[in-house]
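The values are calculated or read from the model by the stated rules, or taken from the named source; none is laboratory data. No experiment lies behind these values; they were computed from the predicted model shown. So basically every Cβ, Gly included, is an ideal-geometry build from the backbone, and we count neighbours across all protein chains shown.
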2 protein chains.
Amino acid sequence: MGISQKELGVRLGMEEGTASARMNHYEKGRHTPDYLTLKRIAAELNVPVAYFFCESEIMAELMVKLESMDDEEIKAILTQLESN
Amino acid sequence: MGISQKELGVRLGMEEGTASARMNHYEKGRHTPDYLTLKRIAAELNVPVAYFFCESEIMAELMVKLESMDDEEIKAILTQLESN
């Protein structure tokens, strides 16, 4: 994704001195960011919040693709999958 | 989903007396459960953790369907969507 944990943390308004450590806690799962922080991180990285909670890389990739689609297109995929 | 907030909280090991209030805080977004609690709630409700963070009902429905699929099937969907 091309930006450092520290840079991401600073963009979210964290103090320079603690940004890296705080973001590292999140990444390692020691702390779970609250929902608003998750939304801001997701917006900075241009991914949906659900992306962070996908259990596999391929699902996370699909989530990013689905994020660009509207509800009608999502519904069409669901209908197709349910008819298989 | 057919079970009360209190019942869900108790199944997760919360005290009967505080289960309902605690689960209500989560639902209203006042508190964000830590990841392990999210995973246990998801397992109880038989949905993926990402389900809780989907921005629309239809996306959440699709997440449940995708959860039953393996990586190869997910990859096939992504490939098809990228070829559109």
Test result for B:Met14, assigned to a loop (DSSP other than H, G, I, E, B), surrounded by 12 or more Cβ atoms within 10 Å (Cβ to Cβ) and not β-branched (Val, Ile, Thr): yes
Count, please, the residues in segment A:17-29 that happen to be within 12 Å of chain B (Cβ to nearest Cβ) and either basic (Lys, Arg) or in a loop (DSSP other than H, G, I, E, B) (or both). 2
Note on segment B:30-42: residues surrounded by fewer than 17 Cβ atoms within 10 Å (Cβ to Cβ) and assigned to a loop (DSSP other than H, G, I, E, B) are B:Arg30, B:His31, B:Asp34
Of all residues making up segment A:1-11, the number that are without any contact (Cβ under 8 Å) to a residue 24 or more places away in the chain and part of a helix (DSSP H, G or I): 5
List every residue pair whose Cβ atoms sit under 7 Å apart, with the two residues 6 or more apart in sequence or on different chains, where the first one lies in segment A:24-36 and is over 14 Å from A:Phe52 (Cβ atoms) and the second, anywhere, is surrounded by 15 or more Cβ atoms within 10 Å (Cβ to Cβ) and modelled with pLDDT of 80 or more. A:Asn24/A:Gln5
Taking segment A:43-70 and the residues there that are β-branched (Val, Ile, Thr) and either within 9 Å of chain B (Cβ to nearest Cβ) or part of a helix (DSSP H, G or I) (or both), the one that is farthest from the chain's Cα centre (by Cα) would be A:Ile58
What number of residues within segment A:43-61 satisfy the criterion of being surrounded by fewer than 17 Cβ atoms within 10 Å (Cβ to Cβ) and hydroxyl-bearing (Ser, Thr, Tyr)? 1
Give segment B:16-29 a look and list any residue that's of a type outside the set (A, V, I, L, M), on the phi < 0 side of the Ramachandran plot and under 17 Å from the mean Cα position of the chain (by Cα), or say none. B:Arg22, B:Asn24, B:His25, B:Tyr26, B:Glu27, B:Lys28
Index of the failed condition, A:Glu73 passing every other in (1) under 22 Å from A:Ile3 (Cα atoms); (2) more than 7 Å from chain B (Cβ to nearest Cβ); (3) among the charged types (D, E, K, R); (4) without any contact (Cβ under 8 Å) to a residue 24 or more places away in the chain: (1)
